[in-house]
Number of protein chains: 2
Amino acid sequence: MKKIGLAIHGGAGTIRRSTMSRILEKEYIKGLKNSLVAGWKVISKGGSSLDAVCESVVILENNPLFNAGKGSVFTNEGKNEMDAAIMDGRNLESGAIAGVMGIKNPILLAKEIMQKSEFAFLSGNGAEKFAKKMKLQSENEKYFFTQKRWEQLQKAKKSGKAFLDHTDFDKNLKNKYYGTVGAVALDQHGNLAAATSTGGMTNKMFGRIGDSPLNGIGNYANNKTAAISCTGSGEYFIKLTVAFRISALMEYKKLSLKKAVEQVILKELVKINGDGGVIAIDNKGNINLTFNSEGMYRGSMNDSETFIGIY
Amino acid sequence: MKKIGLAIHGGAGTIRRSTMSRILEKEYIKGLKNSLVAGWKVISKGGSSLDAVCESVVILENNPLFNAGKGSVFTNEGKNEMDAAIMDGRNLESGAIAGVMGIKNPILLAKEIMQKSEFAFLSGNGAEKFAKKMKLQSENEKYFFTQKRWEQLQKAKKSGKAFLDHTDFDKNLKNKYYGTVGAVALDQHGNLAAATSTGGMTNKMFGRIGDSPLNGIGNYANNKTAAISCTGSGEYFIKLTVAFRISALMEYKKLSLKKAVEQVILKELVKINGDGGVIAIDNKGNINLTFNSEGMYRGSMNDSETFIGIY
């Protein structure tokens, strides 16, 4: 049987053991585990990597701990605007959304766009109309309300800054957190897929779009190389076209996944003061979870090993 | 003195001499020439490639013949929603907008975002708010109304299809046109820049975002390699991460600009049935204008040669 594998993340940033309560730590680990198990169920039974990454991301989107779906942060106007992207490594088809409200699982909308429209990227009200046409599950504002996120918005407004944070943030802005969720998988048919979803920045203004919904930048999958999902300071990931750059280093410079990821995340991204990380899996099943921040909520699973980590 | 150069485009597609009137042909050539002259004025006097590409694109945005700025096509809802992207090859900084209404010159808004905000990509109302804050020139709906575009929308609505067309379209959809404008330049300081602007698709639905505002896909500049602006079937350009792929082939596989462009546009894009073209200039001043469609409104200028072409 061919090698299969799955990796997930729930965001990266200044996550320290010293400031994390043991109860919260347990909840994060449980959330990551549930997501891994859901994706694994699909690929271990011969299902597709595409379905697996959707299952894993849906679990994270439904968990208020993570900044995506239900747990999405609030914009400056007190709204929950979500972005998501999915890509199929078999044929390079992709689907993405930006600035979408009221959709329970943005990743499923991105998948519908990829599979059932002639488009690759829809935004705002238009994307919501398409979701309605496709009969995707919607939720009202109350569903997306979480007290913690609301308080984060009030703090952010006082300080006059927009935050990428999805957990908590430092008053002096020394600590940064990037709230995103993502999954990458290789199935037994040799197909790779990547999915990324986010609620964006707390106190987000001006309809900002980060790297998460940009296939080729925050999310990428290509059977020739690897599947990659990013989390971090979006604008810096855009600068480096991070996800496709990793793939290009593998395809054109013949670097291994590990070397390609490390060159981009630990060297090039660090050089321009960008922070965050990626989860990636190549077409041989090698998994890589690399970040240059203090922590990244992450997990991986294959036939021989299950791993969950935070710091 | 170092080599300088400039190239522009006004869209690609099924453009045939046999169906073009001589008067219209002259108007297109005049429009392209005015754009070239405006950009050339900047770099020939020692100005920056960034200012040159803005000047060239502004001229095209102000010309109702081209699908960008004033000449933007209508969405399904009868609106003019515009996308634009700009990138600075010196530092890989970029700015972009999607789904923006009422801004006279979208490329100047993209430039303001790049230079005066911490963001790289703004959308919709949010981007318009930022434009207001930056005091960019706005125009009312009347300014963007052109009879030809309005009639195109009515035709498109009747056929129930969305069109990428910016000039005219075939009833049987055998003919495709991609309305975009763009400019790339190399200045005497060795700096590259790229700018792309579009009014999108006639009868556009669901807030569709194409490749034009996606830096790394429809627009890219890197002093290490080249500056590139794309025009064509956006979803296919997204599949291949076209602009950055050309740059990656140069950086990682050491291909020349010509070989890199030809591999992506004449081989890989053709293979997946994508059509359109690119204008590109590398850091040595080599200019490349390649398309796999029947025509591309295009022009280029350097110290030794001025070229304008349609078919």
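What follows is calculated from the coordinates using simple rules that are stated; it is not laboratory data. Predicted model, so just to flag it, every value in this text is computed and none were measured. Backbone-built Cβ (ideal geometry, glycine too); neighbour counts: all protein chains shown.
One table, with the values for the structure above:
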read-out: Summed residue charge, Cβ within 10 Å of A:ASN62's Cβ, Lys/Arg positive, Asp/Glu negative; value: +1
read-out: A:SER304-A:HIS189 pseudo-label distance in nm [points 7 Å out on the Cα-to-Cβ vector]; value: 2.7 nm
read-out: log₁₀ of I(q)/I(0) at q = 0.13 Å⁻¹ - chain B, Debye sum with one point per alpha carbon; value: -0.81
read-out: Rounded to whole Hz, the Karplus (6.51, -1.76, 1.60) HN-Hα couplings of segment B:46-63, x for glycine and proline; value: x, x, 8, 4, 4, 5, 5, 5, 5, 4, 4, 6, 4, 4, 6, 5, 7, 9
read-out: Dipole moment magnitude, nearest 20 debye, segment B:215-311 about Cα centre, only Lys, Arg, Asp, Glu C-beta charged; value: 380 debye
read-out: Sites matching GluC sites (Glu not before Pro) across segment B:32-85 that sit in DSSP coil, with at most 16 neighbouring C-beta atoms within 10 Å; value: B:GLU77
read-out: Long-range HN-HN contacts of B:ARG208 with modeled amide H, under 5 Å; value: A:SER123
read-out: Charge sum, other residues only, whose C-beta stays under 12 Å from B:GLY5's C-beta, Lys/Arg counted +1 and Asp/Glu -1; value: -1
read-out: Length released on extending from A:LYS259 to A:ARG17, taking residue separation times 0.36 nm less the Cα-Cα span; value: 84.3 nm
read-out: 10 Å Cβ neighbours from other chains, averaged over peptide B:222-230; value: 0
read-out: Within 10 Å of each Cβ in B:76-83, the average number of Cβ atoms from other chains; value: 1
read-out: Peptide-level mean, for B:237-244, of C-beta atoms on other protein chains within 10 Å; value: 6
read-out: In segment B:9-97, the chymotrypsin sites (Phe, Trp or Tyr not before Pro) that fall in loop regions by DSSP, at most 16 other Cβ within 10 Å; value: none
read-out: Per-residue ³J(HN,Hα) for segment B:211-221, Karplus 6.51 cos²θ - 1.76 cosθ + 1.60, θ = phi - 60°, Hz, x for Gly and Pro; value: 7, 3, x, 9, 5, x, 10, x, 8, 7, 8
read-out: Label point distance in nm, B:GLU27-B:LYS116, each placed 7 Å from Cα along Cα→Cβ; value: 3.4 nm
read-out: At most 11 other Cβ within 10 Å, DSSP loop - trypsin sites (Lys or Arg not before Pro), segment B:103-135; value: B:LYS135
read-out: Label spacing, shortest first and in nm, from B:HIS189 to its equivalents in the remaining copies (7 angstrom along Cα→Cβ); value: 5.2
read-out: Which of A:ILE23, A:ASN80, A:LEU36, positive extreme of dipole for segment A:1-109 (C-beta unit charges); value: A:ILE23
read-out: For B:ARG17, inter-copy label distances in nm, listed shortest first [label point 7 Å out on the Cα-Cβ vector]; value: 7.5
read-out: Over 24 Å (Cα to Cα) - which of A:LYS204/B:LYS116; A:LYS148/A:LYS204; B:LYS3/B:LYS135; A:LYS155/A:LYS204; A:LYS79/B:LYS142; B:LYS2/B:LYS254 fall in this group; value: B:LYS3/B:LYS135; A:LYS79/B:LYS142
read-out: Fully extended contour minus Cα-Cα distance, from A:LEU266 to A:TYR311, at 0.36 nm per residue; value: 14.6 nm
read-out: Whichever aspartates and glutamates have a C-alpha closer than 18 Å to that of B:LYS104, once near sequence neighbours (fewer than 8 apart) are set aside; value: B:ASP51, B:GLU55, B:GLU61, B:GLU81, B:ASP83, B:GLU112, B:GLU128, B:GLU139, B:GLU141
read-out: C-alpha center-to-center spacing [segment B:233-270, segment A:268-311] in angstrom; value: 28 Å
read-out: Debye log10 I(q)/I(0) at q = 0.06 Å⁻¹ for the protein assembly as shown, Cα point scatterers; value: -0.28
